[in-house]
Amino acid sequence: MASLLQLPDCSKPVILLKPSFTSLFFNNTTSPRHFRSSQPPPRFIPKASSSSSSSSSSSLLCRRRFIAETAAVSLSLASPFLGPVQPAKSEDALSEWERCYLPIDPGVVLLDIAFVPDDLNHGFLLGTRQTILETKDGGNTWVPRSIPSAEDEDFNYRFNSISFIGKEGWIVGKPAILLYTSDAGENWERIALSAQLPGDMVYIKATGEKGAEMVTDQGAIYVTSNKGYNWRAAVQETVSATLNRTVSSGISGASYYTGTFNTVNRSPDGRYVAVSSRGNFYLTWEPGQPFWQPHNRAVARRIQNMGWRADGGLWLLVRGGGLFLSKGTGITEDFEEVAVQSRGFGILDVGYRSQEEAWAAGGSGILLRTTNGGKSWIRDKAADNIAANLYSVKFIDDKKGFVLGNDGVLLRYLG
């Protein structure tokens, strides 16, 4: 309870005025034009004669102090007009998402996340600047993880991809590094790689006991079944060689191909879709095919990213914020655009929670949600005040999901 106000002891009686609405809103802690001062806003006081200046000044000072103190107490109590005063919030609640604050430098770019299937509270988060974080409470808190075998050389690794199956896990990074665990990440060992590996490793998928599938940014796909001691090439040539051989086949923009992927995504049944570094066409590969298959883009704008829907179809993002869905399932060049409220910012990734529900993320904190398989999308304003680009949406299962962004931004799904 607030203490009772003590009336100032003044030499002459003063008239106590009821605080105005102005004094309610602008007290000694908040003043117009955002001035902050320990005293009330100054008022112009006419100069009094020498005989009455002392008593007049005392009366005005007492009155001004009393009004200021009365206004301060009024704000601390419930008002019949205004209701209880609520504390200001630094940022709005994130509806079905909450931000996880990480013990890393602000400039770190997060790149991938994975959890141990046998213990979905135990997971790892990768990023640039040799960043590996570990959680054992489902992603609520994260701690830095040190792996001695990845610190033997004077390299600042960029860890690109991580994957688990059972207790076996794999990590790949740049410069070329491959890490393997058989005990759910308690210990990691480094697997030697050939210096002749074409391109940088950008993706790895754990496929079975001591087995994995690895992809480089030049389109090489390698498969191992003995913990990485031997690798078998799944395609007979890199994408550059394929395009040089098929450049007369009518693939638009192939002559400008730089030889690397911008993005690559794998479906649960082992099919791949990749976007060329310039975004002027895309490529697909299915198990058993000897080469990557190039495809003309079906839209005028360059492709930003592509991936697989939960029903087996494709989604396609173009630069400038456009989203397209393929007609039907499987690999196709037939797409139709879907209206989205991207506000002109690019959409960078799409992640499916189920066949009906998916989330899209993009520049300047854009978050979009669909609950009807992608036919319509609604913008979630919850992350609008997060100054970061959100470029990766990962759903571990229908209850656990994450959005990765630059400057160390990580959102955790709460729905």
Discussion item. Can you give me the long-range amide H partners of Gly401? Hydrogens built in the peptide plane at 1.01 Å from N, cutoff under 5 Å, separation of 5 or more residues or another chain.
Written reply: Ile396, Tyr413
Fill in: Amide H contacts under 5 Å for Leu178, placed H, 5+ residues apart
Ile191
Worksheet, complete the sentence: If amide H atoms are modeled at 1.01 Å from N in the peptide plane, then the residues at a separation of 5 or more from Trp97, or on another chain, having amide H under 5 Å from its own are Leu414
Item to complete: Work out from phi, with θ = phi - 60° and the Karplus expression 6.51 cos²θ - 1.76 cosθ + 1.60, the ³J(HN,Hα) of each residue of segment 189-197, listed in order in whole Hz, and give x for Gly and Pro.
Response: 10, 8, 9, 5, 10, 6, 6, 8, 4
Practice prompt. Pull up the cross-link candidates among the aspartates and glutamates for Lys210, meaning alpha carbon to alpha carbon under 18 Å and not fewer than 8 places away within one chain.
Written response: Asp118, Glu168, Asp183, Glu186, Glu189
Fill in: Of Lys167/Lys381; Lys205/Lys375; Lys167/Lys375; Lys375/Lys400, pairs whose Cα-Cα distance is over 28 Å
Lys167/Lys381; Lys205/Lys375; Lys167/Lys375
Worksheet item: Looking at the P(r) of segment 107-242, how many percent of alpha-carbon pairs lie beyond 17 Å?
Response: 57 percent
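Computed from the coordinates by the stated procedures, all read-outs in this text should not be read as laboratory data. In this text the structure is predicted, and so the values were computed from the model without any measurement.
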